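The values are calculated or read from the model by the stated rules, or taken from the named source; none is laboratory data. None of these values were measured; they are calculated from a predicted model. Positions of Cβ are backbone-derived with ideal geometry, glycine not excepted, and every protein chain shown enters the neighbour counts. For the accessible areas, the whole protein counts, side chains as well, though only heavy atoms, and no ligand, DNA or RNA atoms are used. Shrake-Rupley method; radii C 1.70, N 1.55, O 1.52, S 1.80 Å.
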Amino acid sequence: MALASDKPDLTRQSDVDLVRLSTAGDKPAFAELVRRHGGGLRIHLRRMGAQGADADDMAQEAFMSAYEHLAEYRFDGPFTGWLKRIASRRYLRKVRNNKKYVLTDDIGAYEPEPIAHEGEFRAHNLDAALNRLKPVERLCVTLNFSGDLSHQDIADELKIPLGTVKSHIRRALDQLKIILSVKSAPVLETGT
């Protein structure tokens, strides 16, 4: 009779070990991967522009697709990167096929929500800063840094020129630097 303690503690297993166990049919091992990476995947999708329940649904769809194609994972990078690429491509497909998602390259088309003291706005976290970017800039920078897609991969997925992707990422990084910077306190002059 096997004891519960005879089962390996899945929380102590590496992603590589969990993937190997999962491909051998160990469903609790895949459940551990979902538990371990579900929150990060939903955050990644939200940073790309998916909203609330849509991000949750797309994350679930990405996990189902990953499970179905687990044998295709080549262990040539982190499992979470592979998973984010699956989720990113699913999100991009939804953007292209659903009018609810708008992806515009029009430079003047997007204005972030007004803030009472615009000159004093400083984001206190990355998500707030990303929400201040134009949707296409947010998407490109998120795909590049969080989704681990190359500039060329992004250009191919979005069907826009490589130079445009590079420009979006550069502008996004410049804006994030400004938005996330902390205003330095004024130096007080002391008289003697």
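Only a single criterion out of (1) under 21 Å from LEU143 (Cα atoms); (2) at pLDDT below 95; (3) surrounded by 10 or more Cβ atoms within 10 Å (Cβ to Cβ) is not satisfied by MET64, namely (2). Residues in region 144-159 include none that are under 19 Å from SER88 (Cβ atoms), of a type in the set (A, V, I, L, M, F, W, C) and at pLDDT 95 or above.
Within region 42-55, being open to solvent by less than 60 Å² (accessible area, probe 1.4 Å) and more than 13 Å from the chain's Cα centre (by Cα) holds for GLY52, ASP54. So is LEU21 assigned to a helix (DSSP H, G or I), in contact (Cβ under 8 Å) with a residue 12 or more places away in the chain and touching a helix residue (DSSP H, G or I) at 6+ places or on another chain (Cβ under 6 Å) or not? For LEU21, the condition - assigned to a helix (DSSP H, G or I), in contact (Cβ under 8 Å) with a residue 12 or more places away in the chain and touching a helix residue (DSSP H, G or I) at 6+ places or on another chain (Cβ under 6 Å) - is not met.
Of note, ARG89 satisfies the criterion of being assigned to a helix (DSSP H, G or I) and in contact (Cβ under 8 Å) with a residue 60 or more places away in the chain.
For region 8-18, taking the residues that are exposed (fewer than 10 other Cβ atoms within 10 Å of the Cβ) and not in a helix (DSSP H, G or I), the one that is modelled with the lowest pLDDT is identified as ASP9. For region 103-143, a tally of residues being part of a loop (DSSP other than H, G, I, E, B), at pLDDT 90 or above and either hydroxyl-bearing (Ser, Thr, Tyr) or over 25 Å from ARG93 (Cα atoms) (or both) returns 0.
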